[in-house]
Amino acid sequence: PHPTPWWREAVIYQVYPRSFADSNGDGVGDIRGIVGKLDYLADLGVDCVWLSPVFASPNVDMGYDVSDYRDIMAEMGTLEDMDDLIKGCHDRGMRLILDLVVNHTSDQHEWFRQAVADPEGPYGDYYFMVDGDPGTPPNNWTSFFSGSAWGWNEEAGKWVLHLFADGQMDLNWESDSVRDEVADIVSWWMKRGIDGFRLDVINYISKRHGLPDGHPFIGKLLEFIGVEHFFYGPRLHEFLRGLRREGFTRREAPASTPRRRLPDGTLGEPQGPDMIGFMVGETPGIGMELGRLLSGYGRGELDLIFNFDVLDNPGHVRWDLYDYQLWYLKRFYRAYDKHLAPSDWIAVFLDNHDNPRMLSKFAHGKESDPAVRTAIGKMLATIQLTMRGTPFLFQGQELAAINHAFEDVEQLRDVESINRHASLLADGMDPKKAWAQILAGSRDHSRVPMRWTPDGGFSDGPAWLAGTDTVEGFSAEEQVADPDSVYSWHKDLISLRRRHRALTIGSLKWVHKRNRFYFAYQRKLGGEVFLIECNTSDKRRKRPHVAGRIVPVMGGPRGRWMEPWEATVSRVY
Ligand code: ISL
Ligand code: CA
């Protein structure tokens, strides 16, 4: 009886379990730790929690290398803990989605072990295992984590494809059995009660037949060789439709279902299960047009995609140190708004576990001033939580988390940074320059432990990754207690969204759309109109004129001048 799919009105919160909360003092975040923080998430107003991978894994890539999809990583807990987490979310009116990493498995996965032990046996075609001369890889593709995408496997006496780390072996989706296995894994978790999955690099699963060499020109443009053969492969649409039909469509009742959350924040009765699990695809290298084909409403593929074009200004990559310009973000959302059909929907995100913090990217160095950090944290939250689309917050954004000043590569834990650093040095780059790149782009910035209390509060032991910030006032405890904090701003915005659907499903109309620093738009549904105004510059600026009787509901008073990074949300009558 709800005409809009739930995920279009939801605020989704990404938890990076390793760094969220550690319940037993071993320095690694775990599922019990998350269970202990569910009230915190429900108070913030989160509708759905997404967990980065918690499945059994040797952690070559921090869980993105799964060795058993039906078991939990030893240091994170047990299946029983997971059942408690599912129920704990549902009891609080929140949904839970997990992270499905099925472009590749760990080399420790049973399928891979069987495959290399007996390449002619039933698992032989689960991976890309190719005969050849041990000195010459089958093609010129490069790995996203440095070097060739091929590894020579002694046991099988064959080359094996790995687009990511050495231990992340690409699954061969051409095999019917692989597709059946993946659908079974999804059904198994759906029955346990989860509400869907984020699908890791899901646009990479169909590789062009024959695995031809990548074009060196494209490789130079996109930094990796071979990508044109799998970013948008020949059978991608077919594979996604099959997975939705065979895995995500419910055939059995789930063990638990979420309670309904009412507009005033109180809880109603448990709802019936969603007939189809939610699917949000991580789709690097997929722009707006192709993204629409992968997630258009009613196409039977994905519900949403992440479009990564948002993360860097044109001409820049993650490894460059530059100040991100928000006029580009405005242009990005305007372009979406122009090109999409009214029935299309986007994922709105600024941070995740694979990127430095947007707050720091936007204002390198300036964010060391707590007042600036607070202003920018609120401004970014305002844009993210009122833009038309589904916001995905990453843990710590509500605390205005910033990058960490790592001192050297020894402090890093991420395989991508470590490999890249070594390869830059091997190529003869000046060590200072190499480190500057890594420090600008390392994924570890966003992976430092959550700061629950002024002195940390993540774990009783030494954390697996050092770097929790120490600036007074920015721990969860202090932020929750302060009505003017970035946390409270998030909470108030989320509550406003829930009470006024103009802010979720309402139409979007740009105001002074060519102004580079006035990031402003209206959201409208029926007779209700909201005006969102941000001054994205570091200078005071005169507030441009907007017609109507305008009454601020957040921020304000609405003076003639806007302060640097000021954000105001108003009702328009
Ligand atoms: O290297 C990239 C292409 O330019 C990245 O965008 C990469 O494709 C992207 O980071 C993929 O991320 C996901 O899959 C990885 C994992 O390490 C990440 O944490 C995950 O989010 C491999 O599973
Ligand atoms: Ca632990």
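Among the residues of segment 440-461, those that are closer than 25 Å to Asp65 by Cβ and either assigned to a helix (DSSP H, G or I) or in contact with a Cys (Cβ under 8 Å, 6 or more places away or on another chain) (or both) comprise Gly441, Arg443, Asp444, His445, Ser446, Arg447. In the set His229, His237, only one residue is under 30 Å from Val317 (Cβ atoms) and away from ligand 1 (no atom under 16 Å from the Cβ); that residue is His237.
Give segment 184-223 a look and list any residue that's in a strand (DSSP E or B) and more than 16 Å from ligand 1 (Cβ to nearest atom), or say none. Outline the logic, then answer.
Filtering segment 184-223 for residues in a strand (DSSP E or B) gives 196-199.
The answer is Gly196, and nothing else.
Considering Asp47, Asp81, the condition of being among the charged types (D, E, K, R), away from ligand 1 (no atom under 16 Å from the Cβ), assigned by TED's automatic domain parsing to the domain that holds Trp489 and closer than 21 Å to Glu398 by Cα is satisfied by Asp47 alone. When Glu181 is tested against (1) touching a helix residue (DSSP H, G or I) at 6+ places or on another chain (Cβ under 6 Å); (2) outside any loop (DSSP other than H, G, I, E, B); (3) away from ligand 1 (no atom under 16 Å from the Cβ); (4) among the acidic types (Asp, Glu), just one condition goes unmet, and that condition is (1).
Can we say Val551 is surrounded by 13 or more Cβ atoms within 10 Å (Cβ to Cβ) and at pLDDT 95 or above?
Values: surrounded by 13 or more Cβ atoms within 10 Å (Cβ to Cβ): no; at pLDDT 95 or above: yes.
So Val551 fails the test.
Which of the residues spanning segment 514-535 are among the aliphatic types (A, V, I, L, M) and within 28 Å of the chain's Cα centre (by Cα)? Matches in segment 514-535: Ala520, Leu531, Ile532. Residues in segment 131-172 that are of a type in the set (Val, Ile, Thr) and either surrounded by 17 or more Cβ atoms within 10 Å (Cβ to Cβ) or under 29 Å from the mean Cα position of the chain (by Cα) (or both): 2 in all.
How about segment 68-122: which of its residues are of a type in the set (Lys, Arg) and over 11 Å from Phe55 (Cβ atoms)?
Of all residues in segment 68-122, those of a type in the set (Lys, Arg) come to 70, 87, 92, 95, 113.
Passing the criteria: Lys87, Arg92, Arg95, Arg113.
Are any residues in segment 86-122 assigned to a loop (DSSP other than H, G, I, E, B) and within 23 Å of the chain's Cα centre (by Cα), and if so, which ones?
The first filter runs over segment 86-122 and keeps only residues assigned to a loop (DSSP other than H, G, I, E, B), leaving 92-94, 101-103, 107-109, 118-122.
Arg92, Gly93, Met94, Val101, Val102, Asn103, listed by residue number.
Being within 16 Å of ligand 1 (Cβ to nearest atom), surrounded by fewer than 17 Cβ atoms within 10 Å (Cβ to Cβ), within 30 Å of Glu416 (Cβ to Cβ) and not aliphatic (A, V, I, L, M) is the requirement here; does Pro53 meet it? So Pro53 fails the test.
Candidates Glu110, Glu120: the one that is among the acidic types (Asp, Glu), at pLDDT 95 or above and farther than 26 Å from Glu416 by Cα is Glu120.
The values are calculated or read from the model by the stated rules, or taken from the named source; none is laboratory data. In this text the structure is predicted, and so the values were computed from the model without any measurement. With ideal geometry, Cβ positions are generated from the backbone for all residues, glycine too; neighbour counts draw on all protein chains shown.
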